[in-house]
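*Asks:* Take a look at this one; I'll ask things after.
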Amino acid sequence: RATSRSGVLPWRVGDDNATARAACVAAGKDLCTEMQWSLACEGKGKTIYGYGDAYEPETCNGLDLFGAGAHHLLPTGKLTDCHSDYGVYDINGNLWEHVLGGTGATVRGGAYDCRDSRQLHRCDYIPISWTPLSLGFRCCLVPGKGGDAG
């Protein structure tokens with residue numbers, strides 16, 4: 001069962017969209033659709049990154065934060081400025097995120113180990129021709145259903 005709690009390491013599922021979806025469904029939610037994910041990332045201002053239009057190397061968990069030899073996954077919400085104007089934390093960096101009906105090559109958001117966080121953490125970037133290694137997921141509420149925010 002998926003939960004969204006501050007201070008907990010996000011769940012890594014690898015290239016397994018079905019397991020990610022099952023965890024969300026068990027929590028009374030579903031994987032975010034492509035549209036839900038984009039809206040959560042771009043926010044009201046339709047920004048390039050969740051936090052704004054200019055790349056900030058130390059705002060979210062990417063390779064630029066700790067450097068190539070020291071990069072690592074962080075607990076959810078650890079970087080307090082890494083959020084969209086809707087209050088969605090860690091949507092850029094930390095782990096790539098599966099979307100509903102997607103594959104390992106249609107994940108979003110970038111990860112802590114991206115070789116080019118400026119490009120790969122953009123709200124509009126989708127790998128398409130390659131599958132990242134650091135894969136997780138984010139659950140969204142299903143319209144008309146209850147459940148915790150996540």
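The values are calculated or read from the model by the stated rules, or taken from the named source; none is laboratory data. Since this is a predicted model, take the numbers as computed values, not measurements. Here Cβ is always computed from backbone atoms with ideal geometry, including for glycine, and neighbour counts include all displayed protein chains. We work out accessible area using only protein heavy atoms, side chains counted, and drop any ligands, DNA or RNA first. Shrake-Rupley method; radii C 1.70, N 1.55, O 1.52, S 1.80 Å.
*Asks:* Sort out which residues of the range 41-84 are small (Gly, Ala, Ser) and surrounded by 22 or more Cβ atoms within 10 Å (Cβ to Cβ), and write them in order of number.
*Replies:* GLY50, GLY62, SER84
*Asks:* GLY87: open to solvent by less than 20 Å² (accessible area, probe 1.4 Å), part of a loop (DSSP other than H, G, I, E, B) and closer than 18 Å to TRP37 by Cα, yes or no?
*Replies:* No; evaluated as a whole, the condition is false for this residue.
*Asks:* Follow-up. For the subset of the range 112-137 comprising residues that are open to solvent by 70 Å² or more (accessible area, probe 1.4 Å) and outside any loop (DSSP other than H, G, I, E, B), which member is farthest from TYR51 (Cα to Cα)?
*Replies:* Ranking the qualifying residues of the range 112-137, first place goes to GLN119.
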